[in-house]
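> What follows is a structure written as structure tokens; I'll ask about it next.
The values are calculated or read from the model by the stated rules, or taken from the named source; none is laboratory data. All figures in this text were calculated on a predicted structure; none of them were measured in a lab. Each accessible area value is taken on the protein alone, full model and side chains, heavy atoms only, with ligands, DNA and RNA left out. Shrake-Rupley method; radii C 1.70, N 1.55, O 1.52, S 1.80 Å.
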Amino acid sequence: MTEQQNDPQPCCDDYVRTSRRSFLRGALVAGGAVTATFGTAFTETSYAAAGQADQVLVVLSMRGACDGLSLVVPHGDPVYYQARPSIAVASERLLAKDAMFGLHPSFAPLVPMWNAGRMAAVHATGLPSPNRSHFSAMEEVEDADPGSDARIGWLNRLVGRDGAGSPIEAIQMGGGVPATAVMGPQPVLVTPSIDRVRLAGGASPAEAAARRRSLSTAWAGSSTQLGVGFRSTLEVIDEFAPVHATSATPSNGAVYPRNDLASALQATARTIRADVGAEIITVDHGSWDHHTWIGNLADGNLVRKANEMAGAIAAFFADLGPLADKVTLVTISEFGRRVKENASQGLDHGHGNVMFLFGAGVRGGRYYGTWPGLTNTVDADLLVTTDYRSVLSEVIVSRFGASPAQVFPGATTARVGAMT
């Protein structure tokens, strides 16, 4: 085994600092948001004003900038194999191939969804201009409002369009790091797990009820921010209670793999089953920053993450069963990787990437986007031909009838065709 294979931290210092900054930022807003941590994954949930959600959008952020050229391989572009002599995925191993693209073999658990038209991929997507800083690119992608200094994310604008202002319109479970996408005037709730959304203390139900009455009385007349926040916390606990009443055992025979993303998605499915009005749930999954040892299909940083992702998403939709008819999952990463592999069998920061769409409303079983062609130079990027906001705009219009102009101010979006 080489030294690279034993490298416990294949990511760059920028990504490590970004994760630490995000954690501190999340801790500071904990009074207004719910975040749950599952190791390297966390989820965040927004709730419909009516208390029930007819549609649910799950946004999976692949933190660290995943390599879209490995997940959806452009086997029809010969430059791909020229630029990656030691890490390219052989064409004959790809799944769901067309003349240009094929899925990474780790995505085998997702092929049934692809064949059923419930999974699609949009290639060469991203920010209009390159941004190779993890922190800056995450902010830019999730603010989705270039030129504005307002700290309002695109998902906060989406949930804010109904003006409900419920204390649990935004909940994040599985992580402790509220994403920029949900930050803004709409309240967000942060918790390490489903089980942590409860009032601490009280060894018995009677003691817990007494503690609840005591605290409610103590803060009832307070007009301070602390008092308002505490009353909101109690309200959130009450409205979240149906989630605790659901079984922690997956439904429909679903079997989740044992990894952080799977745990986050299992909690997400449980929240959806409780039908407490969860309308938007964000799931963050880290450690996609692979500067070293991308590896091969037998072992490596990429195949490990791809296996985690595919197994977790397949189990999630199986767990949902008929409820999957109202759930759409979209993936996004802050940027992609370079075309050419580096000397450490890894890939440095690039530009364009791939976005996946799963579930309700997806015109699946095909690849979308305009392929720009690859260039085999040290600094060559996958060029962006589809603004990521065009993909997200189709999703919010299709599932919520929302206005792209309201959610993505100033964006000029183009039709992708990936949503009904």
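> Using θ = phi - 60° and the Karplus relation 6.51 cos²θ - 1.76 cosθ + 1.60, list the HN-Hα couplings for the range 271-277 in order, rounded to whole Hz, with x at every Gly or Pro.
5, 5, 4, 5, 6, 8, x
> Long-range amide H contacts for ILE281: which residues qualify at under 5 Å (H placed 1.01 Å from N, peptide plane, sequence gap of 5 or more or a different chain)?
Residues meeting the criterion, in which the H sits 1.01 Å from N, are SER46, LEU57, VAL58, VAL59.
> Over the range 292-383, give the accessible area per residue in Å² for a 1.4 Å probe, as an integer.
Counting only protein heavy atoms, the per-residue value for the range 292-383 is 31 Å².
> If the viscosity is 1.306 mPa s and the temperature 10 °C, what Stokes-Einstein diffusion coefficient in µm²/s follows for the range 246-384 when Rh is the Kirkwood radius over Cα pairs?
94
> Kirkwood hydrodynamic radius of the range 330-393 from all distinct Cα pairs, in Å? Before the final figure, lay out the partial values.
Values: mean 1/r = 0.0756 Å⁻¹.
Its Kirkwood hydrodynamic radius stands at 13.2 Å.
> Please list, in chain and number order, the residues 5+ apart from GLY102 or on another chain whose amide H is under 5 Å from its amide H, with Hs placed from the backbone.
Answer set, sorted by chain and number: VAL73, HIS75.
> Can you list residues from other chains, or at least 5 along the same chain, whose modelled amide H is less than 5 Å from the amide H of ARG337?
Here GLY68, LEU69, GLY350, HIS351 satisfy the definition.
> Related question: On the accessible surface of the range 325-420, probed at 1.4 Å, how many percent belong to carbon and sulfur atoms?
46
> Here's something else I'd like to know. HN-Hα J couplings of the range 373-390 from phi, Karplus 6.51/-1.76/1.60, θ = phi - 60°, integer Hz, Gly and Pro as x?
For the range 373-390, the Karplus curve yields x, 9, 10, 9, 10, 4, 9, 5, 10, 6, 5, 8, 10, 10, 4, 4, 5, 5 Hz.
> Using θ = phi - 60° and the Karplus form 6.51 cos²θ - 1.76 cosθ + 1.60, what ³J(HN,Hα) does each residue of the range 285-290 get, whole Hz, x for Gly and Pro?
Taking θ as phi minus 60°, the curve returns 10, x, 6, 9, 8, 9 Hz for the range 285-290.
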